[in-house]
Amino acid sequence: MDMKVFSLAVLTLLLATLWTGSQGISFRSSYGKCCYKNMFVKKEIPAAFIKDYKKTPSHCPRRAMRVEVVERRNVCVDPEETWFQNFLQQESSGSTS
């Protein structure tokens, strides 16, 4: 009986792995790369503190930017925030000159 339970558990894990692989996501990255309501920063982040930024994947429930700040910490920002739009404009004009 224990062998049947073990076999069923292994089969379930295998099927879950195959399914998530076919969806292009994993259980770990699905949560880790998305931004949820309590993760957003409202205050302006000084440009000197922003090291990198990326859009959240399309499967995430909220549209957001994951912003890497000093000490490799990531925070979430609404891409429509005025201060972030200004930051993007300054960065794009600075990279072309």
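Tabulated data
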item	result
Local electrostatic count at Ile50 - Lys and Arg +1, Asp and Glu -1, tallied over other residues with Cβ under 9 Å	-2
Under 13 Å, Cβ to Cβ, from Arg73 - net charge with Lys/Arg +1 and Asp/Glu -1	0
In the stretch 34-97, GluC sites (Glu not before Pro) in a DSSP loop with at most 11 other beta-carbon atoms within 10 Å	Glu80
In the stretch 33-83, the trypsin sites (Lys or Arg not before Pro) that fall in loop regions by DSSP, at most 14 other Cβ within 10 Å	Lys42, Lys43, Arg62, Arg63
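Any read-out appearing in this document is the output of simple, stated calculations on the displayed coordinates, not a laboratory observation. In this text, all values refer to a predicted model and were calculated from it rather than measured experimentally. Methodologically, a virtual Cβ is constructed for each residue, glycine included, from the backbone with ideal geometry; neighbour enumeration extends over all protein chains shown.
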